[in-house]
């Protein structure tokens, strides 16, 4: 069954544009290099321009684990660490059923 991640990431005030640009670069890399990634969707909160939310779905645990170990994931961590207002809030979900 698939693995889904929901991540809430808050930008430091004034860093929203830089963070969003880094996220768009990451989207291109993931979509180009990770066939096990079924959805990699970025959102911004309507009531808070500093709040970003990721919705990610991977074919299985192995695809999720592979994503976490990629070079582009490591680079992203270094690129955004000083742009964040606190640690990301991460929720992992395991699919139980699908029509």
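Every number here is computed from the coordinates shown, using simple stated rules; none is lab data. Every value quoted in this text rests on a predicted model; they were computed, and no experiment measured them. Positions of Cβ are backbone-derived with ideal geometry, glycine not excepted, and every protein chain shown enters the neighbour counts.
Of the residues 52, 64, the single one that is touching a strand residue (DSSP E or B) at 6+ places or on another chain (Cβ under 9 Å) and more than 15 Å from residue 92 (Cα to Cα) is 52. The residues in the range 36-49 that are touching a strand residue (DSSP E or B) at 6+ places or on another chain (Cβ under 7 Å) and under 25 Å from residue 13 (Cα atoms) can be counted, and the count is 6.
Among the conditions (1) within 13 Å of the chain's Cα centre (by Cα); (2) more than 25 Å from residue 95 (Cβ to Cβ); (3) in contact (Cβ under 8 Å) with a residue 60 or more places away in the chain, the only one that residue 18 does not satisfy is (1).
Determine, yes or no, whether residue 13 is touching a strand residue (DSSP E or B) at 6+ places or on another chain (Cβ under 8 Å), touching a residue at least 60 places away in the same chain (Cβ under 8 Å), surrounded by fewer than 17 Cβ atoms within 10 Å (Cβ to Cβ) and outside any helix (DSSP H, G or I). Criteria not met by residue 13.
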